[in-house]
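**Student:** Sending over a structure as C-alpha cells; questions will come in a sec.
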Amino acid sequence: MATTRYTVAATAATEAKVYSNLKAAKKEADRRALAAGYDVEVVTNTGRLSYTATAPVQAPAPDMASLINEVKTEAENALAEALLPVVKASGRATRREGLGEAAVTGWELLYDKPRQDCQVARRNGEYALICTAHKFVRPVAKLVEERAVRKAGGWCPSCSH
C-alpha cells in the first residue's frame, strides 16, 4: 500500500518540504504564506493539489504627510471640543461690574481708592476719575488709562492729586 506524501511549495526564504500528515503540511503552508506574502500550495506525491494557503491582504502603507495631517486634525478637533464650554461660558470679554453709586450723581463706581480720595467711575461707556474731596470729575479715554493719569498726579485742580 502506497502512502500519500504532501509537498509544501518552496518560497524565497524556504525550500520545498515533504510531510506525511496533511494537517502539518497545511500548517506549514499557512506559516510560509504569511511570511512570504503570497499564496503557497500543498500538492500530493501524485501531483494533485490538496490545499492552497492564501497570503493575507496587506493594506498599502499610508504616506507620512497624510498621517501627520490626520493626527493634527484630530488634535485640533479635540482641543476645540475641550475649549467649547469655556467659549460658550465667557462668549467675549466681560464688563466689570459696578460697586454702586459713585461720589458724583450719575456715575457708577468701579474702583474706590480712599487713601487717594479717588474713585474710578463709568457712565454710558465713558470713564472718569472722581476726586471724593472736591467732587471733581476728570474724564479718561479708556479704563486702562486711569492708573497712569492717577499716578501722574495733578488731575484734580483743587488738590494735590
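The values are calculated or read from the model by the stated rules, or taken from the named source; none is laboratory data. Just so it is clear, the model here is predicted, and its values are computed rather than measured. Because the Cβ atoms are built from the backbone with ideal geometry, glycine has one as well, and the counts that use them run over all protein chains shown. Heads up: the accessible areas ignore ligands, DNA and RNA and are worked out on the full protein's heavy atoms, side chains in. Shrake-Rupley method; radii C 1.70, N 1.55, O 1.52, S 1.80 Å.
**Student:** Failed condition for VAL42, given (1) open to solvent by 90 Å² or more (accessible area, probe 1.4 Å); (2) in contact with a strand residue (DSSP E or B) (Cβ under 7 Å, 6 or more places away or on another chain); (3) modelled with pLDDT of 80 or more; (4) not small (Gly, Ala, Ser), with all others met?
**Tutor:** Checking VAL42 against (1) open to solvent by 90 Å² or more (accessible area, probe 1.4 Å); (2) in contact with a strand residue (DSSP E or B) (Cβ under 7 Å, 6 or more places away or on another chain); (3) modelled with pLDDT of 80 or more; (4) not small (Gly, Ala, Ser), the one that fails is (1).
**Student:** Just one of (1) over 30 Å from ALA29 (Cα atoms); (2) of a type outside the set (A, V, I, L, M); (3) at pLDDT 80 or above trips up GLU81, so point out which.
**Tutor:** (3)
**Student:** Now for a different question. Return yes when VAL149 is more than 41 Å from the chain's Cα centre (by Cα) and not in a loop (DSSP other than H, G, I, E, B) and no when it is not.
**Tutor:** Yes, satisfied.
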